[in-house]
1. Given the options I125, I111, I104, name the one that is out of contact with any Leu (no Cβ under 7 Å at 6 or more places or on another chain) and more than 18 Å from A21 (Cβ to Cβ).
2. Could you please give the count of residues in region 26-43 that are farther than 14 Å from G10 by Cα and surrounded by 10 or more Cβ atoms within 10 Å (Cβ to Cβ)?
3. So S73 ticks every box in (1) surrounded by fewer than 23 Cβ atoms within 10 Å (Cβ to Cβ); (2) within 30 Å of E132 (Cβ to Cβ); (3) among the hydroxyl-bearing types (S, T, Y) but one. Which box is left unticked?
4. Taking the residues in region 25-58 that are without any contact (Cβ under 8 Å) to a residue 40 or more places away in the chain and among the hydroxyl-bearing types (S, T, Y) as candidates, determine which candidate is nearest to V121 (Cα to Cα).
5. Please pick out the residue among R137, R148, R128, R110 that is under 24 Å from G11 (Cα atoms), basic (K, R) and either surrounded by fewer than 15 Cβ atoms within 10 Å (Cβ to Cβ) or in contact (Cβ under 8 Å) with a residue 24 or more places away in the chain (or both).
6. Checking E115 against (1) closer than 19 Å to K80 by Cβ; (2) exposed (fewer than 12 other Cβ atoms within 10 Å of the Cβ), which single condition isn't satisfied?
7. Name the residues in region 49-86 that are under 19 Å from L14 (Cα atoms) and either more than 9 Å from the chain's Cα centre (by Cα) or aromatic (F, W, Y) (or both), would you?
8. Taking region 10-24, which residues are in a loop (DSSP other than H, G, I, E, B) and in contact (Cβ under 8 Å) with a residue 60 or more places away in the chain?
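Coordinate-derived values only; no laboratory data. Only a predicted model underlies this, so the values are computations on that prediction, with no experimental measurement involved. In this analysis, Cβ positions are derived from the backbone assuming ideal geometry, glycine residues included, and neighbour counts consider all displayed protein chains.
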Amino acid sequence: MHIAVGADHGGYPLNETIIAALESDGHQITDFGTHDGSQPDDYPDYAFKVGQSVQSGEATRGIIICGSGVGASVAANKLKGVRASVCHDTYSAHQGVEHDDMNILCLGARIVGSELALELVKVFINARFSGEERHQRRLAKIAAIEDRQ
């Protein structure tokens, strides 16, 4: 799977750990950085890059890491067709894909440790959208909201 990954200074070095694990599992990664956690930067910049990569179809899924995951989620969801969510438990990480076709996982590096983060990434990557009628109907309503903007 092609996965776009981005993190601000608050998400570093968790992004490096996640990238290494994904590459080890054979995934193709587009790494948008950051590679220097000592330099303050802004999560919307990384959310936009990852979101745009998923939006364009270059990447199948995305992962954005900031301090809490909240800001990254808010910013990424501004892009049409992006369905990003903060997940700090495995149920939400797979259910978000299965029911809501979530395509970007947002993580808070100050909230979850590296072991839990790797588990969240694994269930997110392995989950598949169910395609059930009720879920398709709900996604169509979300798309209609986007189209009205």
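1. On the way: I125 fails: more than 18 Å from A21 (Cβ to Cβ); I104 fails: more than 18 Å from A21 (Cβ to Cβ).
On inspection, the qualifying residue turns out to be I111.
2. 6
3. Going through the list (1) surrounded by fewer than 23 Cβ atoms within 10 Å (Cβ to Cβ); (2) within 30 Å of E132 (Cβ to Cβ); (3) among the hydroxyl-bearing types (S, T, Y), S73 breaks only (1).
4. T30
5. R110
6. For E115, the exception is condition (1).
7. Within region 49-86, K49, C66, G67, S68, G69, V70, G71 qualify.
8. From region 10-24, those in a loop (DSSP other than H, G, I, E, B) are 12-13; that's our starting set.
Y12 - this is the single residue of region 10-24 that is in a loop (DSSP other than H, G, I, E, B) and in contact (Cβ under 8 Å) with a residue 60 or more places away in the chain.
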